[in-house]
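As structure tokens, the structure follows; a few thoughts come after it.
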Amino acid sequence: MSDVSPLDDLALDFDPDALRAKYQQERDKRVRKDGNSQYVEVKGQFAHFVDDHYVEPGFSRAPLTDDVELVIIGGGFGGLLMGARAREAGIKDIRVIEAGGDFGGTWYWNRYPGAQCDIEAYCYLPLVEELGYMPKEKYSFAPEIYEHSQRIAKHYNLYENACFQTKVTELRWDEDAARWIISTDRDDRMRARFVVMATGPLNRPKLPSIPGITDFEGHTFHTSRWDYNYTGGSHAGGLTKLADKRVAIIGTGATAIQSVPHVGASAKHLYVFQRTPSSVDLRGNKPTDPEWAKSLKPGWQRARRENFNNMVIGLPVEEDMVNDGWTDIFRNLSRAAKTKRAKELSRREAALLTEIADFEKMNGIRSRVDNTVTDPAVAEALKPWYRQFCKRPTFNDDYLPTFNRPNVTLVDTSDSQGVERITKTGIVAGGVEYPVDCIIFATGFEVGTAWTRRAGYDLIGQGGKTLSQYWSDGMKTYHGFSVHGFPNCFILGQSQNGGSVNLTSVLDDQAQHVAYIVRQIEERGARYSHPKKEAETAWVDEINRLSVVAARFLQSCTPGYYNAEGHFGEEGSGTLGGGGYAPGINAFNALMAKWRETGDMEGLEVVK
Ligand code: NDP
């Protein structure tokens with residue numbers, strides 16, 4: 001090992017120790033003892049926050065008691081991809097059950113002004129090659145994505161047999177019939193041979209349990225149920241009904257970053273209540289170049305997705321195809337691998353260089369604030385002091401300039417760990433009351449709570465065991481898809497499997513894998529399959545073994561939903577999914593491809 005510090009090769013114009021201390025100090029002041037329980041569940045007196053404004057009231061239909069081959073719960077991209085891949089695998093009898101009034105999931109609910117996907121559309125919008133569709137811009141806005149989800153449903157004939165405005169209330173396994181009995185809030189008792197649960201990671205809005213939250217007498221809503229009747233305007237802005245309104249937005253995550261510019265442009269006055277600033281990088285959207293689109297060769301979307309996935313976990317690639325803010329971050333972070341002494345570097349030294357690259361990236365983000373926001377005190381408050389991936393990075397060109405408007409006020413609540421109190425007529429922060437007509441909660445979605453609470457139903461599997469009991473001491477799955485004792489039931493989404501910031505690519509690969517297993521069970525004339533207990537335990541151990549480095553990183557981060565609000569790893573803290581396969585999505589897919597190639601359903605008990 002060299003006695004020369006790897007920092008000797010770099011001419012730094014900042015002091016890493018000082019930054020480390022600043023990050024620590026900013027983190028410590030934000031960690032609340034109550035962690036995930038600082039939020040209230042959106043039910044009872046808060047239930048109206050999740051009302052569906054997009055459907056006509058009064059829908060009813062007769063209860064269903066029929067038998068279906070494959071029931072998919074959730075009509076977002078997970079459910080759509082499952083439906084598409086199952087159709088391709090030859091499964092004809094499919095029903096999608098969806099709480100909303102149409103397909104779309106996230107994009108059905110999140111119609112707030114400015115909503116856009118941060119992941120490049122050519123990677124994010126699934127099945128564009130299969131459907132012959134080319135996204136209009138590099139980053140799609142919500143209406144285009146919502147429309148695309150309906151395009152997929154039509155193409156794969158998923159409207160047929162779909163049940164909208166229907167919430168599953170229970171799944172109960174009938175061992176004799178080898179069927180799931182699915183109960184819903186429409187009094188259905190339908191039966192399914194296979195069930196796929198695609199209920200999404202961020203499906204349940206959360207509200208902070210701020211004292212006095214129920215006292216407010218003005219108007220209020222959550223961003224995932226934007227009330228255009230109150231604000232006027234549309235996704236494109238023009239919220240004309242706010243012209244005489246004092247509006248508060250609580251929260252400054254990815255949702256607020258996109259909606260604040262529109263509210264700031266329309267409201268009489270906007271107060272943005274911030275606890276932790278987001279990192280806001282360049283957006284730089286542009287229309288799709290038709291010549292480039294014409295030049296693409298079949299298979300281009302998968303190649304691009306894989307290239308992006310490799311980039312964003314820091315694996316070397318020959319060409320950075322996407323070349324945007326996400327891949328830029330990782331290009332910088334992988335600098336450790338490019339120094340002239342790279343081969344001699346210990347793991348500790350490489351981690352140090354990665355940290356330096358992160359400091360540099362965040363210095364750039366902070367300079368962007370200084371260069372954009374004219375009031376130095378406001379600029380200071382808008383600077384994020386944490387490592388780039390402690391929170392979700394955001395990309396927007398209109399957010400920071402909004403704070404130069406005379407009708408927009410930033411209220412920094414970091415010293416009091418958030419908004420202090422809500423009164424009948426306003427919000428109290430830092431001992432000052434801000435009178436407002438409307439409070440918009442941009443406070444995100446439940447992540448760390450029990451999976452069954454977020455799904456909205458429990459599963460009763462073999463022997464009457466419930467999934468909530470079985471997972472009471474932590475998530476246990478085989479490859480993230482299936483659970484011992486819960487036969488022919490599959491979970492889609494990021495959990496104990498390969499993850500990516502491009503969630504649709506994860507869902508697509510998972511859907512293909514699950515469709516394969518379903519076909520295998522059918523072709524083998526089996527009644528069902530589920531993971532063997534020992535295979536499940538070994539997989540969970542493997543996930544935990546591989547995730548040590550990520551866990552250490554998250555523990556040191558500023559609080560947020562990535563790290564159980566600063567309590568990552570503590571008993572019962574809960575996290576996004578179940579840990580993740582640390583080598584990444586492409587490595588996970590390679591593992592699954594090998595698993596399928598062997599053709600023996602290793603680790604699964606196949607019951608005839
Ligand atoms: P987040 O959970 O990211 O943000 C919630 C915000 O509410 C945070 O700023 C949080 O502060 C703040 N907050 C919570 N409680 C209080 C309180 N008591 N007082 C003051 N502030 C409070 O939710 P979002 O809806 O913004 O985003 C959720 C996720 O959805 C994103 O991370 C992303 O994965 C996805 N998304 C993607 C988009 C895209 O592709 N462009 C757009 C929008 C969302 P603190 O940080 O201090 O906890």
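The values are calculated or read from the model by the stated rules, or taken from the named source; none is laboratory data. Keep in mind it's a predicted model, so treat the numbers as computed, not measured. Cβ placement follows ideal geometry from the backbone for every residue including glycine, while neighbour counts extend to all protein chains displayed.
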**Asked** Out of region 405-436, which residues are within 11 Å of the ligand (Cβ to nearest atom) and either polar (S, T, N, Q) or in a loop (DSSP other than H, G, I, E, B) (or both)?
**Response** THR413, SER414, SER416, GLN417, GLY418, VAL419, GLU420
**Total residues in region 222-235, condition in contact with a Lys or Arg (Cβ under 9 Å, 6 or more places away or on another chain) and within 15 Å of the ligand (Cβ to nearest atom)** = 5
**Asked** Pick from ALA551, ALA535, ALA511: which is at negative phi, buried (at least 21 other Cβ atoms within 10 Å of the Cβ) and part of a helix (DSSP H, G or I)?
**Response** ALA511
**Asked** So which residues in region 258-282 are within 23 Å of the chain's Cα centre (by Cα), more than 22 Å from SER416 (Cβ to Cβ) and hydrophobic (A, V, I, L, M, F, W, C), if there are any at all?
**Response** VAL280, LEU282
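What residue, of VAL31, VAL42, VAL55, is within 14 Å of the ligand (Cβ to nearest atom) and either out of contact with any helix residue (DSSP H, G or I) (no Cβ under 8 Å at 6 or more places or on another chain) or under 30 Å from TRP173 (Cβ atoms) (or both)?
Just a single option satisfies the conditions, and that option is VAL42.
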**Request:** All but one of (1) surrounded by 13 or more Cβ atoms within 10 Å (Cβ to Cβ); (2) part of a loop (DSSP other than H, G, I, E, B); (3) more than 16 Å from the ligand (Cβ to nearest atom) hold for SER60, so report the exception by its number.
**Result:** (1)
**Prompt:** Does region 286-296 contain at least one residue that is surrounded by fewer than 17 Cβ atoms within 10 Å (Cβ to Cβ) and within 21 Å of ALA254 (Cα to Cα)?
**Reply:** yes
**Request:** Kindly indicate whether any position in region 229-241 is within 21 Å of the chain's Cα centre (by Cα) and under 26 Å from ASP398 (Cα atoms).
**Result:** yes
**Prompt:** So is ALA153 under 23 Å from TYR54 (Cα atoms), within 16 Å of the ligand (Cβ to nearest atom) and modelled with pLDDT of 95 or more or not?
**Reply:** no
**Request:** Go through region 123-137 and count every residue that is within 16 Å of the ligand (Cβ to nearest atom) and touching a helix residue (DSSP H, G or I) at 6+ places or on another chain (Cβ under 6 Å).
**Result:** 5
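Matching residues to (1) of a type in the set (A, V, I, L, M, F, W, C); (2) modelled with pLDDT under 95:
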| site | (1), (2) |
| --- | --- |
| ARG519 | no, no |
| GLU542 | no, yes |
| SER556 | no, yes |
| GLY560 | no, yes |
| GLY574 | no, yes |
| ALA582 | yes, yes |
| ARG596 | no, no |
| GLU605 | no, no |
**Message:** Could you check region 197-218 and list, in sequence order, the residues that are within 16 Å of TYR457 (Cα to Cα) and more than 9 Å from the ligand (Cβ to nearest atom)?
**Reply:** MET197, ALA198, THR199, GLY200, ASN203, ARG204
**Message:** With the requirement that a residue be in contact with a helix residue (DSSP H, G or I) (Cβ under 7 Å, 6 or more places away or on another chain) and either over 16 Å from GLY75 (Cβ atoms) or β-branched (Val, Ile, Thr) (or both), what does region 188-200 give you?
**Reply:** PHE194, VAL196, THR199
**Fill in**
Those residues of region 444-489 which are farther than 26 Å from ALA177 by Cα and in a strand (DSSP E or B) amount to PHE445
**Item:** Residues of region 434-456 that turn out to be modelled with pLDDT of 95 or more and among the polar types (S, T, N, Q), as a count
**Value:** 1
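For every residue, the table says whether it meets (1) within 24 Å of PHE481 (Cβ to Cβ); (2) within 15 Å of the ligand (Cβ to nearest atom); (3) touching a helix residue (DSSP H, G or I) at 6+ places or on another chain (Cβ under 8 Å).
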| site | (1), (2), (3) |
| --- | --- |
| GLU170 | yes, no, no |
| ARG186 | no, no, no |
| GLY237 | no, no, yes |
| ALA243 | no, no, yes |
**Request:** Could you please find all residues in region 245-258 being away from the ligand (no atom under 14 Å from the Cβ) and more than 24 Å from PHE216 (Cα to Cα)?
**Result:** none
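Among the residues in region 467-475, are any crowded, with 20+ Cβ neighbours inside 10 Å and within 16 Å of the ligand (Cβ to nearest atom)? Before the answer, list the steps.
Within region 467-475, the first condition is being crowded, with 20+ Cβ neighbours inside 10 Å, and the residues that meet it are 467, 475.
Within this subset, residues satisfying the condition of being within 16 Å of the ligand (Cβ to nearest atom) are none.
No: zero hits.
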**Message:** Can you pull out every residue in region 259-286 that is closer than 15 Å to PHE441 by Cβ and within 11 Å of the ligand (Cβ to nearest atom)?
**Reply:** SER259, VAL260, VAL272, PHE273, GLN274, ARG275
**Asked** If you scan region 388-398, which residues turn out to be out of contact with any Ser or Thr (no Cβ under 8 Å at 6 or more places or on another chain) and surrounded by 21 or more Cβ atoms within 10 Å (Cβ to Cβ)?
**Response** PHE395, ASN396
**Fill in**
Turns out the helices (runs of 4 or more DSSP H) fully within region 219-334 with at least 3 residues that are within 25 Å of GLU26 (Cβ to Cβ) are 254-266, 325-333
**Item:** Long-range neighbours under 9 Å by Cβ, at least six apart or interchain, first residue touching a residue at least 40 places away in the same chain (Cβ under 8 Å) within region 33-44, second among the aromatic types (Phe, Trp, Tyr) and assigned to a helix (DSSP H, G or I)
**Value:** ASN36/TYR561; VAL40/PHE46; VAL42/PHE49
**Complete:** Quick count over region 373-387, residues being crowded, with 22+ Cβ neighbours inside 10 Å and not in a loop (DSSP other than H, G, I, E, B), is 0
**Message:** Among the listed residues ARG348, ARG366, identify the single one that is in a helix (DSSP H, G or I) and modelled with pLDDT under 95.
**Reply:** ARG348
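What's the total number of residues in region 437-458 that are farther than 26 Å from VAL280 by Cα and either among the charged types (D, E, K, R) or away from the ligand (no atom under 14 Å from the Cβ) (or both)?
Going through region 437-458 one residue at a time, the tally reaches 10.
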